[in-house]
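Beneath this line is the structure, given in structure tokens, with notes to follow.
None of the figures in this text is laboratory data; all of them are computed from the coordinates on show. Not measured: the values here are computed from a predicted model. Cβ atoms come from the backbone with ideal geometry, glycine included; neighbour counts cover every protein chain shown.
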Amino acid sequence: MIATSRPSPGRRYGPIAVLTVGLVLTACSGRPEGVLGVTGPLPPGASTVDMLVVTTREPVDDETRLFNGERGKTIHQTEMVVSIPPDPQRKVGEVEWPSSTPPDPTRSFAVIRRVEHDEAGAEAWFRRVGNGRALIFVHGFNTRYDDAVFRFAQFVHDSGTDFTPILFTWPSRGTLVAYNYDRESTNYSRDAFEALIRAAAADRDISQISILAHSMGTWLTMETLRQIAIKDGRLPAKIHDVVLAAPDIDGDVFRRQIARLGQPRPRVSLFVSRDDKALDVSRLIAGDVDRVGAIDPRVEPWKSTLEKENVHVFDLTDVSTSDRLAHGKFAADGDVVRLIGSRLIAGQPISDSRVGFGDRVGGVVSGTFGAVGGVAGTVVGAPFTVIGAGR
């Protein structure tokens, strides 16, 4: 597809709090490596996700790993077909990780087909598997290549979306101590991500593009979109939705970024949670400045900012998932996953403030409140709140 805000008074964190969060983070490690070797055959009843993986990572001479967390000199595009076992016990939002290698496709996620593509091959892949609509996913901090592949496969499968999945994976070392390296790797990858967006927008077989970004990947997404808008005066018309989940972006910077996107612009949605422990750590590192993914959208200056920029917010603070960091709720909570997928399939705004009436997400509507700009948003009884901005 492409060629080869200010500190909040009273909120301070001591060493005990930092240590506590660090221990929680560390507890998330321990998955086996080398899980991307091609296995087969496809078990009876298993599902598959056929995706294109575009990366700026450095390749390795290992057919079970493919890429590491260092910065590559060229862009690689790989078709990956991931199988998902027919496990009735698996909950929506969970990745069934292999317990050993090679993976057993009857018990865990596994790769059953892999093809390296050049530009022409990637375009042919989209003509073969696509339906004119592309979903581009950008992962966050502390994410290995295999993490990104299996997590995106899980989201695509569980959401039921019919968008053609494209994963953009940038060089993350996949360790907690590499925060600054990962951050600079997103900057390193801006031009490559811009090239992917422009190629997708120019492709005659693609009529609609949605971008879903998580955590530090939202920084890469917003910086790249800003870069395109500054050059062209606006963003490509084919980009319909930009969804930022748990955005690890400085609040002051975000206000500048979104103001430069031009008009007309895609529909922008935020998924935020004030109990996000990973963003607590990020806030510490960043000098105790608000991270967008942990804001309270009902208070100033965010209320006015979201109204002015017509941004919609899904407040997931009251959503409980198995994610102890509360950082990946967009993919780990079944209701949220299905919401995103159903809205994309229907061609409706993910950010529509009427969500909950037609989608029946998380239960029944329990009432309304004066939301951003005085427009009535929808309070869903459980598990989350949608705040409309009046689009």
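Brief remarks follow.
- Using only side-chain charges placed at the Cβ, +1 for Lys and Arg and -1 for Asp and Glu, the dipole size of segment 15-348 relative to its Cα centre rounds to 660 debye.
- Proxy reagent accessibility, fewest Cβ within 10 Å first, across Leu325, Leu135: Leu325, Leu135
- In segment 248-328, the alpha-carbon atoms span a convex hull of 88 Å³ per residue.
- Computed across segment 177-325, the Kirkwood radius stands at 15.9 Å (inverse of mean 1/r, all Cα pairs).
- Residues Lys231, Lys303 arranged by fewest to most Cβ contacts within 10 Å: Lys231, Lys303
- With neighbour counts taken as other beta-carbon atoms within 10 Å, the residues Tyr188, Tyr145, Tyr179 rank, fewest first, as Tyr188, Tyr179, Tyr145.
- Each pair of Cα atoms in segment 135-228 enters the Kirkwood radius, and Stokes-Einstein at 4 °C and 1.567 mPa s then converts it into a translational diffusion coefficient of 95 µm²/s.
- Euclidean distance of C-alpha centroids, segment 179-234 and segment 245-286, integer Å: 15
- Alpha carbon convex hull of segment 34-171, volume per residue in cubic angstrom: 108
- 10 Å binning of all Cα-Cα separations within segment 15-348, expressed as whole percents from 0 upward: 6, 27, 37, 24, 6, 0
- Net charge contributed by nearby residues that have their C-beta within less than 14 Å of Val92 (K/R +1, D/E -1): -2
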